[in-house]
Each structure stands twice: as structure tokens, then as C-alpha cells.
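Notes follow once the structure below has been shown.
Values quoted throughout were computed directly from the atomic coordinates according to the rules given, and no laboratory measurement underlies them. What you are looking at is a predicted structure, and each value in this text was computed from that prediction instead of being measured. Here Cβ is always computed from backbone atoms with ideal geometry, including for glycine, and neighbour counts include all displayed protein chains.
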Amino acid sequence: MAFIGLAVGALLVLLIPTFWRGLVHLIWRPYVITKAFRKQGVSGPGYRFWAGSTGEILRMRKAASGLILDNHCHDIRLVAAVHIGKWVAEYGETFLFWAGTQPRICISDPEMVRQVLSSKSGIFPKIDPAPAILSLLGKGLVFVEGADWERHHRVLSPAFAMDKLKLHTRKMAECAKEMLEVWCHQVNQEQDQQKEIEVSEHFQELTADVIALTSFGSSYREGKEVFVAQKRLQFLAASMFLSLKFPGSNYIPTKRNVEKWKLEKTVKDKLTGIIQDRLDSKEFSGYGNDLLGLMLESSQNKDGHTLSMDEIIDECKTFFFAGQETTAHLLTWAMFLLSTNKDWQEKLREEVLQQCGMEIPNADMLGKLKLVNMVLLETLRLYSPVVLIARKTGKDMTLGNINMPKDTALMIPILLIHRNKRLWGDDVHEFNPFRFANGVLNAASQPNALLAFSIGPRSCIGQNFSMLESKIVITMILQRFSFSLSPKYKHAPMDVITLQPKFGLPIVFRPLHT
């Protein structure tokens, strides 16, 4: 009996501190944080034990999931990031909410956002990504910090210099031409010379082909398993984002974890194969001067600006996904807007035929397409592929007039900032590309109001690549087809890490030349 008593006593000695730490983390800490921010005028939805605001977010998302908007309604706050829109209306531009036990401060004030994103000192680093997000994107340029970010950026940035990108226009156009020839064949098979085509899927394949060909020397067919696995990882990561977790849950072989591990292995194995093929061909043709070639070349450098093989694999994950996914959705939403605004479709076609005729567009021609550029920028404003940017405070600091402790997560809602009347005017919910007639910096009352590619030193390295590719594809479509929205289309944008049409985008095409 004495032995049992000693054992129970020892167990209590171990459990009591653990229990106490749990109470502090789950109850006392949220109470203290909530009280501290309330004293500064920052309120928000109340904290719920362990779940935080997660239950309320899930309820709002579920209620919005069945909504179908009018085709000319661009106020997508009703169906995307609905909790942010609701809470901004209730609590103001700055409010506190909870991801489980982790506090989040949402900031929409333009000056506060500018301070966070324009900082060059690294005091607003990225938040630590969830394991599912790391499986999807890898810990590449998007997530590395400090000296590691500088090293990665130094290696990768030459691949995205404008002079280098202009050399890819022919390859981009060839990929687009191949897709459009399929469309032309399908249209010509129809007696009435019109054909409904679900374009969002085609754009996914096209942009995958372009990034694979221009940056990795492969093709969509070679990289298909990577793209398919990453697409599944994307939806898996989105579904796991709001699920409640306990310590160690990422290592338990649940159904979702096992699927994630298998998909992660598929991506890594396929990327390793693409890299090995390039290494095997090095003896005959060198590493090459594309993105993969630059990374492999860096791995041989002795100057400290090198990437390890694991880092190269992570960067491949990042650019296979980011280089394909965001541009595909930019094209999709641009086609939606041109389908529902036929006057702008005609304006753009007139400009394209005047500057390019029926020739395959080159970089010089594309530089003259001012209206096409304006439409793409307005598309990014209304339907930015990324709806939220996340950062955190790297130390105790004051942001605006709010004192924030180190590691406070900051959520910047792009979707709402792009719909702020104070920034964009009373027509903020309307499609009006003319607002960009004098450039991005003069489109709104604040020069850095367009955040689709972020701003500052951590802005998207691939934004010129994406815009160049989008201009080429839109130009070549306008040269060949007139198009309109299919009656079958249902306007229900959804945010699954990226903003995409829930039911796809069926477009009816008619040839301009027979």
C-alpha cells in the first residue's frame, strides 16, 4: 500500500504542474490578452474555451456556403472570408479574434498595413505555417526569414528579372496556342459554331504547363502528378486549417494525416526525379539558365549564397504551386469579368488587334496593351487570388496606437481593403478598370492600396511573371474568339487558400474567323 501511495503521489507531482500550465494556457492567458487589448479599444468576438473563435467561423462559413450571388455582384464578402467582413462591421477595422488558443489581430487601417508590409528590418516576420501548408508549399522563399530569406532571394531573383522573363514570351505563347487550338477544334465541331467550355480547368493545366516549361524544363505531363497532388493538398490544408488540434495530433496516423503524408511523398519523389534528370544532363548541357538551373548552380557555389538540395525541393514546391495556382485564377476571374462586361471585351479586342494584329504577341507588343493591363489590375482588386496576408510582431512594439506583445499574429484582409470606400471611392464594388488609367499608385487615395501581390520587400517575386503570362493568354483569346458567360454559371467565389469559382467557369465561345 505504501508503494501505491508513493506512486500516486509521484504521479500527482507530475500532473499538477501540467494541469496548471493547461489552465493558464486555456483560460487565464486568453483572459489577460483580451483584457489588455480591450483597455486599448480593441474588442472582438469572445474567446471560447479551447476552440476560441473557430466554432463561430465554421458556422458563418457553413451559412454562406449555399449562397449564389448575382453575376454582377462583386461584393464577395458575402461568401468569402465572411467572418472577417462580419467582425469588421461589428468591431471596426482593428479587432481581436482567436484561432483556437492563439490570438489574432485583424488590421485593415491602410497606414498600419503599410507599416507592417513595408518594414525592411524583419520586425514583422511571417507567422509559422501549419504543417499542411508546409506540405503544400515547402519552407521556401514564402516562409524563410532573415539571412535565409536574403540568401534564397539572391539566388532566385535573377530568374524573375524582366529581361529574363521577356525571353519566355514565346514559350508562354506556344503553350497558350496549344490550348486555343483545342478550343478552336471543339468550336468548329459544332453546327452553330459556338461551344461551351469550362475554362478554369483549362487555365489550371495551361499555367501548370507554363511554369513547368519555363522554370523547370519539363512539361505539364511530366509534372502532372505534382500538380494533382498539390491540388489535393490544397483542399486538405484548407479543411485542416480550422480543425481543433492538441499537442502531437500532427503525428497521429489519422485518415487525413495519412493522406497528407502520402501526397507529400508523391510531390517530393516527383520533384526529386525532375531535379535528378537535370543533374544527369548537366554533363551535356549544363544546369540551364531557368529557375531550376539557377538553384542547382547555386548549390555548387562556395560564396555562401547556396541552396541545399532540401531547400531546392522546397522552392520547387513553392513555385510549382504559386506559379500555377494564382495565375490560373487571375485568368479565370478576368475571363468572368470580360464575359459579363462585353463593352470592355470589345475595347480590349480593338486594342489587341491594333497593337498585335493576328501575330503571336511579343514583349514589345504586350507593353503597349494599356487597357489589358488595366483590366488585369481591376481583376486583382475585385478577385485577388489571395484574400489574406498573415504576419506577426517580432518583438514587443506599438503599431498605430496599440501596444502589441511579441509574436502577436496580424491578419491583413486583402479582400476587405480592396473594397474600402475611403480608399477606392463610392464605386468600390463596381468593375471600373479606368481607376488604373494613371497607374497602380494613383488608383486609390493611398498609393499602396492594391495588395494582390503584397507590397514592400516581401512582395511576390513572381508578379511580373504572372502578369506577363496573363497578358499573353488574354490577348490570344481576344484575337480568336468572342465569348459570353454560360447560363449554367453560378457565381459563388470561395476561398480555399486561393479564391476560386466554386462551380467552375463555363464560357460560351464563338470564333471571330472561320
What angle, in degrees between 0 and 90 and rounded to the nearest 10, separates the Cα long axis of helix 82-91 from the longest principal axis of the Cα atoms of the chain? 60
Just need log10 I(q)/I(0) for segment 329-409 at q = 0.14, 0.23 Å⁻¹, Debye formula, equal scatterers on the alpha-carbon atoms, no solvent, rounded to two decimals. -0.62, -1.09
Please give the contour-minus-distance gain from residue 163 to residue 26: 0.36 nm per residue of separation, less the Cα-Cα distance, rounded to one decimal in nm. 44.0 nm
Just grab the label-to-label distance for residue 91 and residue 265, each label 7 Å out from Cα along the Cβ direction, in nm (one decimal). 4.2
I need the semi-axes of the equivalent ellipsoid of segment 408-464: take the C-alpha gyration tensor, multiply each eigenvalue by 5, square-root it, list largest first in whole angstrom. 20, 15, 10
I'd like the FRET efficiency for residue 510 and residue 178, computed as 1/(1 + (r/R0)^6) with the beta carbon distance as r and R0 of 30 Å, rounded to 0.05. 0.90
In degrees between 0 and 90, to the nearest 10, how far off the longest principal axis of the chain does helix 146-156 point, with axes built from Cα atoms? 20
For segment 423-514: relative contact order, % (alpha-carbon pairs under 8 angstrom, 6 or more apart): 19
As a test of the formula, what do you get for the chain when each DSSP H run with n ≥ 4 contributes -39,500 (n - 2.57) and the sum is divided by the residue count, at 222 nm and rounded to the nearest 500 deg cm²/dmol? -17000 deg cm²/dmol
Calculated FRET efficiency for the pair residue 154/residue 276, C-beta based, R₀ 41 Å, to 0.05: 0.95
Treat each spin label as a single point 7 Å out from the Cα along the C-beta direction, and report the residue 189 to residue 358 distance in nm. 2.4
Cross-link reach from residue 368 to lysines, straight Cα distance under 25 Å and at least 8 residues apart if same chain, gives 164, 166, 171, 177, 342, 347, 471
Going by how many other Cβ atoms sit within 10 Å of their own, how do 486, 239 line up, fewest first? 239, 486
How far, in nm, would the chain grow between residue 68 and residue 301 when pulled straight, counting 0.36 nm per residue and subtracting the alpha carbon separation? 78.5 nm
What ratio of Cα Rg to 2.2 N^0.38 Å holds for segment 61-166? 1.42
For P(r) over Cα pairs in 10 Å bins from 0, in percent, several values are listed as (1) 4, 19, 31, 28, 15, 3, 0; (2) 3, 17, 27, 26, 16, 6, 2, 1, 0, 0; (3) 3, 15, 21, 18, 14, 11, 8, 5, 3, 2, 1, 0; flag the one computed from this structure. (2)
Sorted from largest down, give the three principal axis spans of the alpha carbons of segment 436-514, whole angstrom values. 47, 30, 25
Filtered hits (aspartates and glutamates, Cα-Cα < 14 Å from residue 395, offset >= 8 within chain) -> 407
Helix 169-188: inclination vs the chain longest Cα principal axis, degrees, rounded to 10, gives 70
Would you work out which of 333, 258, 431 lies farthest towards the positive end of the dipole of the chain? Charges go on Cβ: Lys and Arg +1, Asp and Glu -1. 258
At a Förster radius of 45 Å, what calculated FRET efficiency corresponds to the Cβ-Cβ distance of residue 50 and residue 397, to the nearest 0.05? 0.95
Which of 40, 97, 452, positive extreme of dipole for the chain (C-beta unit charges): 40
Ranked by Cβ crowding within 10 angstrom, fewest neighbours first, how are 383, 287 ordered? 287, 383
So if I place +1 on the C-beta of Lys and Arg and -1 on the C-beta of Asp and Glu, and nothing else carries charge, what would the dipole magnitude of the chain be about its Cα centre? I want it in debye, nearest 20. 1800
